[in-house]
Amino acid sequence: MIIIPARMASNRFPNKILANINGFPMVIATAKRVESLDRVVIATDSQEVINLAKDYGFDAVMTGNHHQSGTDRINEAASKLNISENEVIVNVQADEPFIEPEVVQSVIDRVKNSDCFMASCYKLIGKEFADDPNHVKVITDANQNAIYFSRSKIPYDREEHLEYFGHLGIYGFTKKSLKEFCELEAAPLENIEKLEQLRAIYHGKKIAMVKVQSESFGIDTKEDLEKALAYFKA
């Protein structure tokens, strides 16, 4: 199951999930990108989004407006759905209308084919993106499990010969591990970096990573939207 957290409030780009993407509201465009993979459910705090989902034939669940993260929101939605504890749930952010379906499928497969607590993905990025704190970086171990995520350029390369790994914010869980993640105490590093996935590492949980090819990027600002529409010629 794919659950898309769709919060209306956004400090940098108000109501961005309703922005026009090739004739569709952004949240619907995202849902349509991945609908061939599995059942898609939109988790939202907005009746307007509930109505939109219905108009376009997608399931939606009303959730509270108190959640601090999309992960908390999809956990509430999952708890309201009649699914098993072992159901694979993938969190696809509503502001990823150009995400490649094969990227999401790779995360689904990683959850199914490993004993991980959760799974995510990364791609090679250049130095320009590595230097940008808005692009999260990850380093992995020999088994392709995450060691650390940071907004800083990691690892530090004294000779600048490294290729860097950029993290894509697609997360896979089982319903059981999703619930457990949301019940873990927030980690100090999570609060410093503002990266909730560090909570799992702090508590000794394994995040299995998979390397992907992707041109997609999340849309946080109006400038990002203009860039994406120009790049993907939407």
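The values are calculated or read from the model by the stated rules, or taken from the named source; none is laboratory data. Since the structure is predicted, the reported quantities are computational estimates derived from the model, not experimental observations. Counting neighbours? That spans all protein chains shown, and the Cβs are built from the backbone with ideal geometry, glycine included.
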Self-check item: So Y164, is it surrounded by 13 or more Cβ atoms within 10 Å (Cβ to Cβ), over 17 Å from the mean Cα position of the chain (by Cα) and outside the structural domain of L81 (by TED's automatic domain parsing)
Solution: yes
Self-check item: Those residues of the range 111-125 which are free of Cβ contacts under 8 Å to residues at least 60 places away in the same chain and either surrounded by 16 or more Cβ atoms within 10 Å (Cβ to Cβ) or touching a Ser or Thr at 6+ places or on another chain (Cβ under 7 Å) (or both), in sequence order
Solution: I125
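Taking the conditions exactly as written (assigned to a helix (DSSP H, G or I) and β-branched (V, I, T)), does I192 satisfy them or not?
Working: assigned to a helix (DSSP H, G or I): yes; β-branched (V, I, T): yes.
Taking the combined requirement at face value, the residue satisfies it.
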Self-check item: the range 75-95, residues that are over 30 Å from T221 (Cβ atoms) and part of a loop (DSSP other than H, G, I, E, B)
Solution: L81, N82, I83, S84, E85, N86, E87
Quiz item: Out of (1) at pLDDT 95 or above; (2) outside the structural domain of I147 (by TED's automatic domain parsing), the odd one out for G204 is which?
Solution: (2)
Quiz item: Are there any pairs, at least 6 apart or on different chains, whose C-beta atoms fall under 6 Å, with the first in the range 215-228 and closer than 10 Å to I99 by Cβ and the second β-branched (V, I, T) and crowded, with 19+ Cβ neighbours inside 10 Å, and if so, which?
Solution: S216/I99
Exercise. Give the residue that is farthest from I21 (Cα to Cα), with candidates limited to residues of the range 195-234 that are in a loop (DSSP other than H, G, I, E, B) and touching a Ser or Thr at 6+ places or on another chain (Cβ under 6 Å).
Key: E196
Quiz prompt | G169 in the same structural domain as I192 (by TED's automatic domain parsing) and either under 22 Å from A200 (Cβ atoms) or hydrophobic (A, V, I, L, M, F, W, C) (or both) | solution = yes
Quiz item: From the list I83, I89, I108, which one is closer than 24 Å to T44 by Cβ, β-branched (V, I, T) and surrounded by fewer than 17 Cβ atoms within 10 Å (Cβ to Cβ)?
Solution: I83
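Looking only at residues that are among the charged types (D, E, K, R) and in a loop (DSSP other than H, G, I, E, B) in the range 96-124, which one is nearest to D224 (Cα to Cα)?
Looking at residues that are among the charged types (D, E, K, R) and in a loop (DSSP other than H, G, I, E, B), I get E96.
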Quiz item: Quick check: anything in the range 132-145 surrounded by 18 or more Cβ atoms within 10 Å (Cβ to Cβ), among the hydrophobic types (A, V, I, L, M, F, W, C) and more than 18 Å from the chain's Cα centre (by Cα)?
Solution: no
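Just to be sure, is I28 in a strand (DSSP E or B), in the same structural domain as I89 (by TED's automatic domain parsing), over 16 Å from D224 (Cα atoms) and modelled with pLDDT of 95 or more?
Against the criterion (in a strand (DSSP E or B), in the same structural domain as I89 (by TED's automatic domain parsing), over 16 Å from D224 (Cα atoms) and modelled with pLDDT of 95 or more), I28 does not qualify.
Inspect all residues belonging to the range 148-159 and state whether any of them is part of a helix (DSSP H, G or I), among the aliphatic types (A, V, I, L, M) and outside the structural domain of N15 (by TED's automatic domain parsing). Lay out the reasoning, then the answer.
Taking the range 148-159 as the starting set, the residues that turn out to be part of a helix (DSSP H, G or I) are none.
No - not one qualifying residue is present in the range 148-159.
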